[in-house]
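Please treat every number below as a calculation from the coordinates, not as lab data. Since this is a predicted model, take the numbers as computed values, not measurements. Cβ sites come from the backbone with ideal geometry, for glycine too, and all protein chains shown count toward neighbours.
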Amino acid sequence: MKIFSVDLAGKTTNPTGICILNNDTINFKTVYSDKQILEISSELKPDIIAIDAPIMHGEPRIRKADRILKKYGALPPSLPAMKSLTLRGSGLAAKLATRYNVIEVFPTATAKILGIYSRNYRETASKLDIKVKNKHELDAYLCYLTAKMFLEGKTVEIGNKTGTIIVPK
C-alpha cells in the first residue's frame, strides 16, 4: 500500500508537512512548493492522497462539512486567512485527481475523534510513538491515519455535493 498525505500550507513560503507510506515504511518531509508535492506523488504513484485543505470548485465558501466540523475547530474556507489555502488546495487537488484518488481530511478532527489530541504537537506525536520535526509533519501523519482508515472502511464522509471531508468513525 502507498499513501501520500499532505498538511498543506496556504502559502508556498510556509512549510507543508508530508507523510509517505511506501511498503510499510513511513517517511516525513517538509516541503514548500506545489512542484515538490507533484514530483513526490509522481514518483510514489500512491493508492490514495489525503490533503488537509479545503477542496472545492469556484470561490471559497462555507460548506455543510465546514459547519458540521466547526465543533472540532474547522475554520470557514471563506475566512480571509483561509482563502489562499482553499485556492491552493483546490488547484493542487484538481491536478492530482486526474491521476490519483484524492480525499480531503481534517487532522485536528481525526486526533480529537481518536482521543489523542493535545495542543502540544509533541505530546500527540509521543502518544502515536512517532518522531516528527514540526506540527506540519504530525498533521500529515494524522492525514495518513485518516487515509489508511478510509481504505479500511473505518471512516465517514461529512458533507454533501458542495464538498466532503473524511474523518474516522
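With a Förster radius of 25 Å applied to the C-beta separation of Thr162 and Asp47, the computed FRET efficiency comes to 0.45. Sorting the segments 35-42, 50-57 by their residues' average number of neighbouring beta-carbon atoms within 10 angstrom, most packed first, yields 50-57, 35-42.
When each of the peptides 90-96, 143-149, 128-134 is scored by the mean number of other C-beta atoms lying within 10 Å of its residues, the order from highest to lowest reads 143-149, 90-96, 128-134.
Straight-distance candidates among the lysines for linking to Lys112, with alpha-carbon spacing under 23 Å and chain neighbours fewer than 8 residues away dropped: Lys64, Lys70, Lys71, Lys127, Lys131, Lys133, Lys135, Lys148, Lys154, Lys169.
Quick one: compute the contact order of the chain, relative version, from alpha carbon pairs under 8 angstrom and 6+ residues apart, as a percent.
Working: 326 pairs, mean separation 48.4, N = 169.
Averaging sequence separation for qualifying contacts and normalising by length gives 29 percent for the chain.
Using just the helices of the chain, give the 222 nm mean residue ellipticity in deg cm²/dmol: DSSP H runs with n ≥ 4 each add -39,500 (n - 2.57), and the total is spread over all residues, rounded to 500.
Values: 6 runs with 65 residues, N = 169.
Mean residue ellipticity, 222 nm, calculated: -11500 deg cm²/dmol.
Convex hull volume per residue, computed on the Cα atoms of segment 2-168, equals 107 Å³.
Kindly work out what percent of the DSSP beta bridges joining two residues of the chain are antiparallel, to the nearest 5. Write out the running numbers ahead of the final one.
Working: 19 of 28 bridges.
The antiparallel proportion sits near 70 percent.
Residues of segment 139-169 with backbone nitrogen within less than 17 Å of a virtual label 7 Å along the Cα-to-Cβ line of Lys112, please, listed as ranges. The answer is 139, 142-143, 146, 156-159, 165-169.
Using a Gaussian network model of the chain in which every pair of alpha carbons under 10 angstrom is joined by a spring, one finds that among Val102, Val31, Val156 the greatest mean-square fluctuation is at Val156.
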